[in-house]
1. Enter the Cα centre distance for the pair region 99-177 and region 12-85, rounded to the nearest angstrom.
2. Over the chain, with the other protein chains present, what is the accessible area per residue in square angstrom, probe 1.4 angstrom?
3. Let a ≥ b ≥ c be the square roots of the eigenvalues of the Cα gyration tensor of region 126-220; is it rounded (a/c under 1.5), or, if not, prolate (a/b larger than b/c) or oblate?
4. How much of the accessible area of the chain, in percent, comes from carbon and sulfur atoms when a 1.4 Å probe is used?
5. Mind putting a number on the dipole of the chain about its Cα centre? Charges go on the C-beta only, +1 for Lys and Arg and -1 for Asp and Glu, and I need it in Debye to the nearest 20.
6. Run the 1.4 Å probe and let me know the accessible area of K119, rounded to the nearest 10 Å².
7. Under a point-charge model restricted to the Cβ atoms of Lys and Arg (+1) and Asp and Glu (-1), what is the dipole moment magnitude of region 97-171 relative to its Cα centre, in debye to the nearest 20?
8. Excluding same-chain residues fewer than 8 positions from K170, which aspartates and glutamates have a Cα within less than 15 Å of its Cα?
Amino acid sequence: MLSALFLTARADGPGNESLAYDVMFKWGLINKNAGHVTIDTSIENDGTFSSVLVGKSATWADKFYTVRDTLRSRIELDGLKPVYYEKISHEGGEFKKDIITYQHNGNTVTANCERYQQKKANKPVVHSTKMLTANGYTVDMLASFYYMRYLDYSSMTPGQSVTMNIFSGKRKEILHITYQGQQPVNLKNINHNCYYITFSFTSEIDGKEKTSDDLFAWISTEPDRIPLKLQGKLPVGVVRCFYTGEL
C-alpha cells in the first residue's frame, strides 16, 4: 500500500537544499523563540544523498534545558532507503551518540545499533550494541522526514493512514502517518496551501504497547514539498516549528 502512495516530487528525488526553522514555545500568554533548526540535503555521486539536521536551544531556554543535537543520515535515492544514521545529542547535561547501519535484503531490514551514553559529565561513557530487524519499509528519523514529504497525498482521502517501521537507537517503533486533508498556513502574511497530516509513534515497552501523542505537520503542496509548520505537545505548553526559508 505504501509503495503505491509513494512518489518523488522531483525527477531525481530530493534535491540539494538548506532549510531553516524557528522553534517557538507557547504556554498561555508566553510565546517565545526557544531554538533554531537547520536541515541540509546534499546529493552524492553514488546514488545516495546526505541529510544533516542541527538543533540548538535559545540562550534563555538553556537556563531550563539545554539542547544541542546533530543528526546525520545517508539515504539511497532509489526508494529512500536509509544506509547510515547517527545522532549526537547533548540534552539537559546528558550525552548520547547513536549509530545505526542498515542492511536491506528484499523485504527484510536489519540494523546494527550502537549507543554511547554519559548520564552526567562526571560519569563514565557506557557503550552498548543491539540488533534490530523489521519487515517492510523501515526508516530513521531523518529518512522519515523525506517519506512524509513525498507521499502522494493527492491520491489519498482524509483519514487515510500509512504505517512504516522506524529504528531508534534502542528499539523498533511503528510510525503512523494520517492524511487529514488540505489546510492553509500563513507565514509572513502569505497563505500557503498545505497537506495537513498527523503522525505518531508506537513502541513496545516492558511488554506493553505505548503510542505517543499526535504530532502535526503542514507540508507545502508545491513541488518542493517543504514542511512549513510542525507542532507537538510538551508536558507544559506546545512547541511549534515554522519554516523561515532556505539558507
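The values are calculated or read from the model by the stated rules, or taken from the named source; none is laboratory data. Since the model is a prediction, treat every value here as computed from it, not as a measurement. Cβ placement follows ideal geometry from the backbone for every residue including glycine, while neighbour counts extend to all protein chains displayed. What goes into the accessible areas is simple: the full protein's heavy atoms, side chains included, and nothing from ligands, DNA or RNA. Shrake-Rupley method; radii C 1.70, N 1.55, O 1.52, S 1.80 Å.
1. One Cα centre to the other: 16 Å.
2. On the way: 12980 Å² over 247 residues.
Each residue of the chain exposes 53 Å² on average to a 1.4 Å probe.
3. Numbers: a/c = 2.33, a/b = 2.07, b/c = 1.12.
Because a/c hits 1.5 or more and a/b exceeds b/c, region 126-220 counts as prolate.
4. Working: 6670 of 12980 Å².
In the chain, the share of accessible area belonging to carbon and sulfur is 51 percent.
5. Values: 28 positive and 26 negative charges, 205 e Å.
Around 980 debye, computed over the chain.
6. Looks like 130 Å² after rounding.
7. Working: 9 positive and 4 negative charges, 117 e Å.
Result for region 97-171 is approximately 560 debye, rounded to the nearest 20.
8. Partners found: E86, D98, E114, D140, E204, D206.
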